[in-house]
Amino acid sequence: MGSWKGAELSALTPLRALWLSLAAVFLLTLLLQLVPPGLLPSSTLFQDLIRYGKTKRSGPSRPAACRAFDVPKRYFSHFYILSVLWNGFLLWRLTQAVFLGAPFPSWLHGLLRILGAAQFQGGELALSAFLVLVFLWLHSLRRLFECFYVSVFSNAVIHVVQYCFGLAYYVLVGLTVLSQVPMDGRDGVVIHCNHRIPFGDWFEYVSSPNYLAELMIYISMAVTFGFYNLTWWLVVTYVFFSQALSAYFSHKFYKSKFVSYPKHRRAFLPFLF
């Protein structure tokens, strides 16, 4: 069973094949740009498809046939409008599945199965996917705000193929996140979010590396402000104790729930606390 499960995890699903193909295409494109000029025949259409904005203007001269497929670069905002709406919908459905046990719609479940959704991974991936989808949605919201209120778009253009690719990307990336959620093979119900003993990386040293990472984020902010910013160091002090308290409770919970919980593991600070 273990070897079969390992084979399942390493299988080349449609989504993995797609992302691998895209990575290979862009790698090949990059390598072609590094070849000295004159060694390979130039293609105006190819250059038109891989350049946009100011790089399109600095590229080879473009015939009228290419300019007929131009789309204003300010249409970038459409990518983030779509992402906020589509990935917001996926986040809403995943929230219901993870916290309320509601199944995905049949059409969404069928689509995820076609794409190669997870069927056998641990249930903790559901919460991981939830967090990633939250971050993706917030990122899209921030970029949409920048498009409307920060960015100043010139008369630069992109190719209509690039425009369609950008729209498809934000649909696909949300589905890719959702495909990592382990589901019941019949109706798209998330298997479970039971607690298990985590292993690997920082979990080998502390029970709650997320709380430790939170502290490190605030310390990095303090360093950015300068070592002598007393106000922010007081904020760091608050974060330290608040996260330490949460980590302590979490550590205590794990120790009470699992008899075999690693005894060398600390709650918050490696080797210390």
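Read-outs throughout are calculated quantities, based only on the coordinates presented, and are distinct from any laboratory measurement. Predicted model, so just to flag it, every value in this text is computed and none were measured. Reconstructed Cβ throughout: ideal geometry from the backbone, glycine too, with neighbour counts over all protein chains shown.
Here region 14-178 is treated as an ellipsoid with the same Cα gyration tensor; its semi-axes, largest first and in whole Å, are 36, 20, 13.
For region 233-273 and region 83-105, write down the distance between their C-alpha centroids in whole Å. Distance between centres, Cα-based: 31 Å. Neighbour counts of other Cβ atoms within 10 Å put Thr176, Thr13 in the fewest-to-most order Thr13, Thr176.
Report, in whole Å, the centroid distance computed from the Cα atoms of region 23-81 and region 139-154. The distance from the Cα centre of region 23-81 to that of region 139-154 comes to 23 Å.
Ordered by the count of other Cβ atoms within 10 Å of each Cβ, fewest first, Ser260, Ser208, Ser42 give Ser260, Ser42, Ser208. Cβ-to-Cβ counts within 10 Å put Lys56, Lys257, Lys263 in ascending order as Lys263, Lys257, Lys56, the fewest first.
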